[in-house]
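Just below is one structure, and these are the notes that go with it.
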Amino acid sequence: MRILSSEVTTHVGDTITLKGWVQSRRDHGGLIFIDIRDHQGITQLVIQPETAAAFALAEQLRDEYVISARGLVRDREEHLKNPHLASGGVELKVDELVILNRSEPLPIQLHGEAMASEDLRLKYRYLDLRRPKMQTMLTARADLYKRIRDFMETNEFTEVSTPIIANSSPEGARDFLIPSRIHPGKFYALPQAPQQFKQLLMVGGLARYYQLAACFRDEDPRADRLYGEFYQLDLEMSFVDDGEEVRSLTEPLIKSLVTEFAYKQLLSADVPRLTYSEAMERYGSDKPDLRYGLELIDLSSDLAASGFGVFAGALTAGGVVKAIRVPGAASLSRSQIDSFTDIAKTEGAGGLAYLTFADGEVKSPIAKFLQPAELAAIQQKTGAADGDIVFFGADARTVVNKVLGRLRIEFANHFNLKDPNVIALCWIIDFPFYEMNEATQQLDFGHNPFSMPKGGLAALAHPDKLSIVADQYDMVMNGYEICSGGVRNHSPEVMYEVFAVLGHDQAYVDARFGAMIGAFKYGAPPHAGCAFGIDRILMELTGETNIREVVAFPKNGSGVDVMMSSPSVVEAPQLTELHIETVE
RNA sequence: GGGCUCGUAGUGAAGUGGUUAUCACGCCUCCCUGUCACGGAGGAGAUCACCGGUUCAAAUCCGGCCGGGCCCGCCA
């Protein structure tokens, strides 16, 4: 009878077979201990010289040999029990030993405290995956999938697989292209998201769609962004014209994942809704981490008549003066403050003014430029107390928000304000429909062109296009964007107008979104949906800071699979078949 | 595309101009009957990423180049 190591303790007195890898061998000369590891755990084998054949084989064993061991499970004497091992109360006295496969010494150490570099771990991922942590990750991911599916099915969503071999999207991220063999010069593309397909499913009469969808984007990766492919919980609901319906339906899923899957604590029972502009004003970010305060405080009106040139200059130019109070920051050294100043400068600030509150007084090079009433207002509005520093940003509103938003994160990191056991969720709503492209000074889509502008056609006529708001929402988890969605634009008339604002005619829209806009002409129901980033959720819920840690076989930061050596060159005939000229 | 940073036995690290490049783990040989991070004795293993320069002398300084990581751009 073959059993798993997790069951060993219940088989005392039985003769069983264990199969697994050699975790370690302790050869005492006349007595050999082997720790055998399967995917459930570790069990100690004892091989004695009396079982000569097994003993001879045991002497040959090395780390990571694959073996099968048959013998009697017996209780250990009290003083021989190992409390550090789940099966430490018992051991297997081996009668028969079989070496199923041998192993060369491993190129990376799996069980020591010295962890191999990520590069080597990825090259030998099939070994890295043997580590208990990675085994746990794989099963956690499968558990996450199951919980998501259960929730979606309970809520009467229907999973539909949409094409992987699809069409290039003219807007958005860089596509992975697939040359067509049958149609010379034409290309398929891997979908960046099933966006258009799911909207067409709504037109097709499906009430509620979902999919654990693979998405493909050829953009440079980050620690929280995979290269190439990633997975989304993609969903869409018909006859929904209010994003709140999508938010309130999906919110319990994420909450339950926090408390019942990750066993973490929600910062608040209610998930706050923040408008985009409110988030930018208070946190300097559209994905604020709400686990800590450090809010941005607008002091423009209090400093309107300031004699301090930097403040006055910013305000007369139409900008703002905002501040961030950092409790306990008076302990910062000069060089630490300098490094925060450098960060502020990389974000576009000219410098970083600050007031130190210590010993009952205000210490700062800039204090002499400020009136007592101004200092009092600053202290009152920021709540600054002894031991704090108030840092200032004075510039155009967008610059100040960006600089202080970045500093807010840096301060939180420096002062360790992120509680790893707490998950803070929030929804960011009402994104601007259009934004100004700083480089080209041209109007462009803020988020995506498929959302419904709030107010529809009438709103699009507003002279200030930047004031138009999209019925578009993101969910943020501890500072990471984990969901993006919107009420879709299902009206051909509004769709054409959305593009017309940017100067595109109907032919432009038809050429790019012909299938979808064509479908909308045949009774498209109002619909709304969203997509949750599964990898990112799993990363944050498992406390990882690198998203590659939650993927079995990720590409590295250069988009290379160092294990499989992809991308790779292909044979010339393959290229010929695809009508691609060979480049030498 | 840009910025910062790292590259030293199989693995992880130490080594900021000067003998034979150090340590831990791993590996090999021998010894060991209660270990569980077993222990003991011995041994092998390095193009200090690569190329060039400065110097009496370079792992160390300088230039270049390749590779990794993080960030900016980018990610509708």
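The values are calculated or read from the model by the stated rules, or taken from the named source; none is laboratory data. Being a predicted model, the structure only gives us computed values, none of them experimental. Quick reminder, even Gly has a Cβ in these numbers, built from the backbone with ideal geometry, and neighbours come from all protein chains shown. When the accessible area is computed, the model is the full protein with side chains, heavy atoms only, and any ligands, DNA or RNA have been set aside. Shrake-Rupley method; radii C 1.70, N 1.55, O 1.52, S 1.80 Å.
One chain, two ends: residue A:120 and residue A:248. Fully extended at 0.36 nm per residue, the span grows by 41.7 nm beyond their Cα-Cα distance. For region A:1-81, the solvent-accessible area of protein heavy atoms averages 49 Å² per residue (probe radius 1.4 Å; ligands and nucleic acids excluded). With the charge dipole of chain A set up from +1 on Lys and Arg Cβ and -1 on Asp and Glu Cβ about the Cα centre, the Cα lying farthest toward the positive end among the listed residues A:252, A:482, A:568 is that of A:568. Projecting label points 7 angstrom from Cα along Cα→Cβ for residue A:75 and residue A:421 puts them 3.7 nm apart. Each of A:358, A:506, A:138 was placed along the dipole of chain A (beta-carbon charges, centred on the mean Cα), and the one lying farthest toward the positive end is A:138. Across chain A, the relative contact order, built from alpha-carbon pairs under 8 Å that are at least six residues apart, equals 14 percent.
With a 1.4 Å probe and every protein chain kept in, tell me what percent of the accessible surface of chain A is carbon plus sulfur. Looking at chain A in its full context, I get 52 percent from C and S. Across region A:68-162, Cα pairs under 8 Å and at least six residues apart give a relative contact order of 18 percent.
Electrostatic tally near residue A:209: other residues with Cβ closer than 14 Å to its Cβ, Lys and Arg +1, Asp and Glu -1, net -1.
With the convex hull constructed from alpha-carbon coordinates only, chain A shows a mean projected area of 37.1 nm² over all directions. The 1.4 Å probe gives accessible areas that order A:475, A:1, largest first, as A:1, A:475. Using Cβ point charges alone (K and R +1, D and E -1), the dipole size of region A:210-331 about the Cα centre works out to roughly 640 debye. Rounded to whole Å, give me the distance from the Cα center of region A:391-465 to that of region A:543-584. Rounded to whole Å, the Cα centres lie 34 Å apart.
Give a quick list of chymotrypsin sites (Phe, Trp or Tyr not before Pro) in region A:229-292 that DSSP marks as loop, anything other than H, G, I, E or B, with at most 15 other Cβ atoms within 10 Å. Here the sparse-neighbourhood loop sites are A:239, A:263.
Would you tally the net charge around residue A:526, using a Cβ to Cβ cut-off of less than 12 Å, leaving residue A:526 out, and scoring K and R as +1, D and E as -1? Value of the local net charge: -4. In this structure, the amide hydrogen of residue A:446, modeled 1.01 Å from its nitrogen in the peptide plane, lies closer than 5 angstrom to those of A:434, A:435, counting only residues at least 5 positions away or on a different chain. Computed over protein heavy atoms with a 1.4 Å probe, the accessible surface of region A:218-282 works out to 48 Å² per residue. Annotation: extensible slack from residue A:358 through residue A:207 equals 48.2 nm (criterion: 0.36 nm per residue apart, minus Cα-Cα distance). For region A:94-100, putting each phi into the Karplus relation 6.51 cos²θ - 1.76 cosθ + 1.60 with θ = phi - 60° gives couplings of 7, 9, 10, 10, 10, 8, 7 Hz, in residue order, rounded to whole numbers and with x for Gly and Pro.
Rounded to the nearest 20 debye, the dipole magnitude of region A:147-241 is 300 debye, with +1 charges on Lys and Arg beta carbons, -1 on Asp and Glu beta carbons, and the Cα centre as origin. Taking A:579, A:490, A:79, A:84 and ordering them by how much accessible surface each has at a 1.4 Å probe, largest first, produces A:84, A:79, A:579, A:490. Treating r as the C-beta distance of residue A:269 and residue A:84 and R0 as 51 Å, the FRET efficiency rounds to 0.85. Summing Cβ point charges (Lys, Arg +1; Asp, Glu -1) relative to the Cα centre of chain A gives a dipole of roughly 620 debye. In chain A, the DSSP-assigned H stretches of four residues or longer account for a calculated mean residue ellipticity at 222 nm of -8500 deg cm²/dmol, using -39500 (n - 2.57) per stretch and the full residue count as denominator. Count Lys and Arg as plus one, Asp and Glu as minus one, and take only other residues whose Cβ is under 12 Å from that of residue A:419; the net charge is then +2. Which whole number in µm²/s is D for region A:457-584 by Stokes-Einstein, with the Kirkwood Rh taken over Cα pairs at 25 °C and 0.890 mPa s? After rounding, the answer is 126 µm²/s. Rank A:47, A:18, A:57 by how far each Cα sits towards the positive end of the charge dipole of region A:1-104 (+1 on Lys, Arg Cβ; -1 on Asp, Glu Cβ) and give me just the farthest. Farthest towards the positive end: A:18.
Annotation: for a label point projected 7 angstrom from Cα along Cα→Cβ of residue A:278, residues of region A:406-449 with backbone N closer than 13 Å are A:426-431. Our summary gives region A:388-511 a relative contact order of 21 percent, counting only alpha carbon pairs under 8 angstrom and 6 or more residues apart.
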